[in-house]
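The values are calculated or read from the model by the stated rules, or taken from the named source; none is laboratory data. As the structure is a prediction and not an experimental result, all values here were calculated from the model. Every residue, glycine among them, receives a Cβ derived from its backbone with ideal geometry; neighbour counts consider all protein chains shown. To get the accessible areas, we keep the full protein, side chains included, count just its heavy atoms, and leave off ligands, DNA and RNA. Shrake-Rupley method; radii C 1.70, N 1.55, O 1.52, S 1.80 Å.
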Amino acid sequence: MANLIDEPKEWQARAALWELAALSFRYPGSELAEAVASGEWAEAAEELAAVLGLEVRGGREEEGPGCSSSDALLGALRPEATRLFVGAPAPAVSPYEGVWRAADDGVQALLFVNPHSMEVERFMRACGLGRPEGTNEPLDHVATECELLEHLALRAAGAVPPEGAPAGADLPGGSPEAAYDAFLEGHARAWMPRFAERVAAKSRVPFYRDAAALLGALVG
């Protein structure tokens, strides 16, 4: 059992790692490229994982010749992210829970309207979260689910909830900790370990293998 005195620190570390995972699996922007190129991503991953006793290798490998600057790195990450997670006609690795769970059920995946995606949306709304204005992406995207777990971990650490958010007792399970555990067991662990393994196997650049290792450690 964890030392109760350390629990807020551990929840804060979990929240920060989920934030890092969410950043890693969103379409790459300058924030990610700068963090990776500067070594900040690697340092944060290693230090935060150590707080939780997790083994995570920081992304300290170069992405290829000429990728020492953040601009060059961004130029390498974007086509790889497109190949892995968007694809034409299909991604190498689907970033949506509903697609993975539909395959488990032996049915065709329909974005937005499959039962698993709808369960994720209902859970997020019960936590006071919804689809950001101006976006039309299913809420069962890997990065969005990471952001939900970040939000619940922050609340478990004692962070003040956003205005209009449900009280802790009104969250699924009756507390931030219970909601976190419920989503982790009922959703994240049902598909993210396999997603991480597939990313590690399919990626052509070291960063996404390191990001997959981080995600795999979080849901392990």
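Could you tell me the center-to-center distance, by alpha carbons, between the stretch 7-46 and the stretch 142-220 in angstrom? For the stretch 7-46 versus the stretch 142-220, the Cα centre distance is 13 Å. When E46, E97 are compared by accessible surface with a 1.4 Å probe, the order from highest to lowest is E46, E97. Protein heavy-atom accessible surface, 1.4 Å probe, per residue over the stretch 67-220: 45 Å². With all protein chains present, how much of the accessible area of the chain (probe radius 1.4 Å) comes from carbon and sulfur, to the nearest whole percent? Here it works out to 52 percent. The figure for M118 is an accessible area of roughly 80 square angstrom, using a 1.4 Å probe on the protein chains alone. Considering only S175, C146, G164, and ranking their Cα positions along the charge dipole of the chain that arises from unit charges at the beta-carbon of Lys, Arg, Asp and Glu, the one farthest toward the positive end is C146.
Would you work out the relative contact order for the chain, in percent, from Cα pairs under 8 angstrom that are 6 or more residues apart? Across the chain, relative contact order equals 27 percent. Only helical runs count toward this figure. For the chain, summing -39,500 (n - 2.57) over DSSP H runs of n ≥ 4 and dividing by all residues gives -17500 deg cm²/dmol at 222 nm. Multiply the residue separation of Y27 and D104 by 0.36 nm, subtract the distance between their alpha-carbon atoms, and state the gained length in nm to one decimal. Computed gain between Y27 and D104 is 25.1 nm. If you plug the beta carbon distance of A169 and R194 into 1/(1 + (r/R0)^6) with R0 = 22 Å, you get a FRET efficiency near 0.05. Run the paramagnetic zone check for E7: 7 angstrom along Cα to Cβ, then residues of the stretch 141-168 with backbone nitrogen under 12 Å. Only 156-158 fall inside the zone, counting backbone N under 12 Å. For S24, S70, the ranking by accessible surface with the largest value first comes to S70, S24, using a 1.4 Å probe.
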